[in-house]
Amino acid sequence: MTLQQLQYVIALDTYRHFVTAAEKCFVTQPTITIQVKKLEEEIGFLIFDKSKFPLKPTDLGKVFILKAKTILDEVSELKNMVNVELDNLEGEFKIAVIPTISSYLIPLISGSFSEKYPKTILKIQELESDQIILALQKKEIDIGILVTPLNEAFIREIKLYNEPFVFYGQSDYFDDEKKSIDIDELEKLENVWLLEKGHCFRNQVLNICGKQENSNTIQFQSGSIEALKKMVDNYGGYTLVPEMAINANDTGRIIHFSEPKPIREVSLVTHQTFSKEVLLNALRLEIIEKTPSEFVKNERFIKVNWR
């Protein structure tokens, strides 16, 4: 017994004619005839007396039709309830963001998002990428913001923007006239400052620079991009930072990469079963609005994988 079969029965009771009922259900007459016959065989009695014209329900058929109408009404109410709930932004949601994104992105969107959606509570925490993946798998969080692709079957990725990497180093690496840098030039440089192990950003920088974990150019490890910039300012060397980490108070030499630029792809990620599309869209629009306008999809960019 299916809901579709019940709908066919209600249509037949309403129009008392197979052809008309089929037209109203947008199916062929044989389809509705076959499905009602299958239903009658399953329940063990006739719903309609087909010897009459127009059709008339049998005595048991009348009882069955009343029950069918009640069931379909309740299903309709259930669908309406679900749709209202899915479109409702009220409630508390858990979001995890990797540290190299949260410090620069969350302050941009938190105030405006709260003003637009005062009944939406976002509980935001910093987690490393592998921790976010595990938390999504266990459904301990609702949404993650991190660098993709992840290539996990249970995770849905919603791309936000491509963020370029920027060279941040001591002034004597290059002359003052240098306006851009190629990735290949990094292989000749020494003393690169890195985030500590466990951060996907560390792996991205190593991939871009062509360095190995045991390279003697690695002198120091930190858990903060701002700390890496301070190390460059005070002790020389260089590091790579996401473009949103650059600010007017920086004293190091900032050089943008030439095309194609190395970038990191930043995305919203959820478990495949997460159904709050209205929340995902609200967050997506807020982030897209507040991030720099030049952060757009560009096929010429080099996507740096971290896993």
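What follows draws every value from the coordinates through simple rules; no lab data is involved. Note that the structure is a prediction, hence the values are computed from the model and not measured. Note: ideal-geometry Cβ built from the backbone for every residue, glycine included; neighbour counts use all protein chains shown.
Identify all aspartates and glutamates with a Cα-Cα distance to Lys37 below 14 Å; exclude those on the same chain that are fewer than 8 residues away in sequence.
Asp49
For the stretch 100-148, take every pair of Cα atoms, bin their distances at 5 Å starting from 0, and report each bin as a whole percent.
All Cα pairs, binned at 5 Å, distribute as 4, 18, 26, 23, 17, 10, 1 percent.
Highest mean first, what order results for 114-120, 125-131 on Cβ atoms within 10 Å?
So the peptides 114-120, 125-131, ranked by packing, come out 125-131, 114-120.
What does the convex hull of the Cα atoms come to per residue for the chain, in Å³?
Normalising the Cα hull of the chain by residue number yields 185 Å³.
Suppose the chain between Ser224 and Asp184 were pulled fully straight at 0.36 nm per residue; how much longer would it get relative to their current alpha carbon spacing?
11.8 nm
Rounded to two decimals, what is the ratio between the C-alpha radius of gyration of the stretch 3-86 and 2.2 N^0.38 Å?
For the stretch 3-86, the normalised Cα radius of gyration is 1.16.
Considering only Cα-Cα distances, which of the following residue pairs are longer than 31 Å: Lys69/Lys119; Lys119/Lys139; Lys38/Lys138?
Lys69/Lys119; Lys38/Lys138
Straight-line reach only, C-alpha to C-alpha below 17 angstrom: list the lysines that Lys261 could link to, leaving out same-chain residues fewer than 8 apart.
Here the lysines satisfying the reach criterion relative to Lys261 are Lys178, Lys179, Lys297, Lys303.
Hydropathy at least 0.0 by Kyte-Doolittle, axial extent at least 27 angstrom from the Cα trace: which helices of the chain, defined as entire DSSP H runs, fit?
Span-like helices in the chain: 59-86.
Considering the Cα positions of the stretch 1-147, please state its Rg to one decimal place and its Dmax as a whole number of Å.
26.2, 76
State the antiparallel share, in %, of DSSP beta bridges confined to the chain, rounding to the nearest 5.
Close to 60 percent.
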